[in-house]
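Novice: If you scroll down you'll find the structure; I have some questions about it.
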Amino acid sequence: MPRDSLTITDNRTGRTYEIPVEHNTIRAFDLRQIKTDPEDFGLMAYDPAYTNTASCKSRITYIDGDRGILRYRGYPIEQLAEQSTYLETAYLLVKGELPKPSHLKAFDQNIRLHTIIHENIKKFIDGFHYDAHPMGILVGTVGALSTFYTDAKRIFDAESRRIQTHRLIAKMPTLAAFAYRHSIGMPYAYPDNDLSYTGNFLNMLFKMTELRYRPNPALERAIDVLFIIHADHEQNCSTSAMRGVGSSQVDPYSAIAAATAALYGPLHGGANEAVIRMLMEIGSKERVPEYVKRVKAGEIRLMGFGHRIYKNYDPRAKICRRIAGEVFEVTGPNPLLDIAIELERIALADDYFITHKLYPNVDFYSGIIYQAMGFPMDMFPVLFAIPRTSGWLAQWIEMLQDEEQKIARPRQIYLGPEKRDYVPVSERPE
Ligand code: ACO
């Protein structure tokens, strides 16, 4: 009769233990009972980079990397990208269900109410060097918001969490756009709350001297879809930062600053910039085979290809490829697209990429789209942080309501020196 358990024999002692298996997982803490003698600390699991450790139970995002599936709260990403809006998707992530029409209207209204930032934040942004990276400005200013909303400390008060969620989703585009305007020496453009979430974002970025900015509907929708597909991706580096820092019970602005900082790193939010640089280096379709040869020789990696979780086509990359076509109808083509398509064609037919299960990931096409829209590469991770805010908040709320969670505190295997006695500097040999 099969049992949902694992039998472990410790060959050091000959003892046998039965460990329960639930959801295809054992509890690492159950290993602690495995000891060589009563003084022994007990067995631990060693898992650098947490490649095979679940840190939480979650009901938000489902990924099946082998089959190329991504769902938010059960809804396939393709359906959301086709039919939903970013704000509706944010509601879904944070609250768990799609909103009724009246609830969506109220949510949208609440977000619009909170788009303006305190004038003093502008002064902080003014203080940054003219060429400051907008992601650095975003990390600093979103963290600073915690000092303006001291009620945010009440993290176990559902009403306080609700208001901070509205404020954060509403203010991230404003902070991001102001950071961008500062970096190009332009006056800040204030929010226009008659526009949609993404329409207003485009207004704050690109408004010149016109009285009223009118966003191009195709670009407005393209950004909205890109925001939908970037909204959550379960326990990645920045989400783990959000949960880890949030587990100390700090306010959500400080935790979002930590998550944004994690996204700043080139291995996380910076891969699409690396794709652009690679495509520029390749320079023309004709040079693609020669580049692929270098990749196969192990000299370089194909940027925008491969993923820790997806061992199939990243479903977000397919959506990006479709949007690219729609955007280029408005902006005119990005010559890098031809090189990207040729690269994808050659790689997907090549044995090396097939056997290594390397497919385009979300970053392969997103940078090309952003570049065609006129964004400098420094803005790419910022464009990632804005929509990911709703995912971070959903994960943070879930963590706070999870009775099994405590302050995050991994263990270590200490391999340093044994105890030794301090020697004053005057007695140490040169
Ligand atoms: N080009 C060429 N070979 C690759 C690539 C690539 N892009 N990615 C992985 N491989 C090969 C490795 O050389 C390795 O080969 P080997 O087994 O013969 O030694 C094998 O595939 C497995 O590679 P790992 O590095 O172990 O895979 P891992 O899951 O740790 O890495 C990662 C995933 C970091 C995304 C990797 O595929 C990569 O570096 N890709 C390029 C950078 C990139 O696009 N990053 C964006 C990720 S998406 C995101 O963060 C939003």
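Just so it is clear, none of the values below were taken in a lab; they were calculated from the coordinates. Since this is a predicted model, take the numbers as computed values, not measurements. Note that we place each Cβ from the backbone using ideal geometry, even for glycine, and neighbour counts take in every protein chain shown.
Novice: Which value in deg cm²/dmol, rounded to the nearest 500, describes the helix-derived mean residue ellipticity at 222 nm for the chain, given -39,500 (n - 2.57) per DSSP H run of n ≥ 4 and division by the residue count?
Specialist: Estimated from H runs of four or more residues: -15500 deg cm²/dmol.
Novice: Here is a follow-up. Given R₀ = 41 Å, FRET efficiency for Tyr75-Val423 by Cβ-Cβ distance, to 0.05?
Specialist: Working from the Cβ atoms, E equals 0.05.
Novice: Another question, if that's okay. Under 10 °C and 1.306 mPa s, how fast does the range 255-327 diffuse according to Stokes-Einstein, given a Kirkwood radius computed over C-alpha pairs? Answer in µm²/s, whole number.
Specialist: Answer, rounded: 110 µm²/s.
Novice: Once the Cα atoms of the range 170-296 are picked out, what are the Rg and Dmax in Å?
Specialist: 18.7, 55
Novice: Given R₀ = 60 Å, what would the calculated FRET efficiency be for Leu348 paired with Phe156, taking r from the Cβ atoms and rounding to 0.05?
Specialist: Computed FRET efficiency for Leu348 and Phe156 comes out at 0.75.
Novice: So if we plug the beta-carbon distance of Ile341 and Arg15 into 1/(1 + (r/R0)^6) with R0 = 45 Å, what FRET efficiency do we get, rounded to 0.05?
Specialist: 0.15
Novice: Continuing with this model, one more query. With no solvent and one point on each alpha carbon, what is the Debye value of log10 I(q)/I(0) for the range 273-372 at q = 0.16 Å⁻¹?
Specialist: Result of the Debye calculation: -0.63.
Novice: Also: In the chain, which longest range has no chymotrypsin sites (Phe, Trp or Tyr not before Pro) that are both DSSP loop (not H, G, I, E or B) and surrounded by at most 10 other Cβ atoms within 10 Å? Please report the intermediate quantities before stating the final value.
Specialist: Values: sites that count: Phe41, Tyr46, Tyr130, Phe156, Tyr414, Tyr422.
In the chain, the maximal stretch lacking such sites is 157-413.
Novice: Using the number of other C-beta atoms within 10 angstrom as an exposure proxy, rank Ser55, Ser183 with the fewest first. Write down the numbers at each step before the final one.
Specialist: Working: Ser55 15, Ser183 20.
Ascending number of Cβ neighbours within 10 Å: Ser55, Ser183.
Novice: Still on this structure: Can you tell me how much longer the chain between Arg301 and Glu210 gets when fully stretched, taken as 0.36 nm per residue apart minus their C-alpha distance, in nm with one decimal?
Specialist: 28.2 nm is the gain from fully extending Arg301 to Glu210.
Novice: Of Glu430, Glu22, how do they rank once you tally other Cβ atoms within 10 Å and put the fewest first?
Specialist: Glu430, Glu22
Novice: Right, here's the next one. Counting other Cβ atoms within 10 Å, which trypsin sites (Lys or Arg not before Pro) in the range 123-167 have at most 14 and lie in a DSSP loop?
Specialist: Filter output for the range 123-167: Arg154.
Novice: Given just the C-alpha atoms of the chain, how large is their convex hull per residue in cubic angstrom? Please list the in-between numbers first.
Specialist: Details: hull volume 103.4 nm³, N = 430.
Per-residue hull volume (Cα only) is 240 Å³.
Novice: Would you mind listing how long the range 1-128 runs along its three principal axes, going by Cα atoms, in whole Å with the largest first?
Specialist: In descending order, the Cα extents are 66, 46, 26 Å.
Novice: Per 0.36 nm of contour for each residue apart, how much would the distance between Arg67 and Ala45 grow if the chain were fully extended, relative to their Cα-Cα spacing?
Specialist: 5.1 nm
Novice: Ok, one more. Taking only Cα atoms of the range 43-110, what ratio of Rg to Rh do you get with Rh as the Kirkwood inverse-distance radius? Display every interim value, and only then the final one.
Specialist: Numbers: Rg = 16.2 Å, Rh = 14.2 Å.
On the Cα set of the range 43-110, Rg over Rh gives 1.14.
Novice: Also: What list of ³J(HN,Hα) values in whole Hz, one per residue of the range 155-167 in order, does the Karplus curve 6.51 cos²θ - 1.76 cosθ + 1.60 (θ = phi - 60°) give from phi, with Gly and Pro shown as x?
Specialist: Karplus-based 3J(HN,Hα) across the range 155-167 equals 6, 9, 9, 4, 5, 5, 4, 4, 5, 5, 4, 4, 4 Hz.
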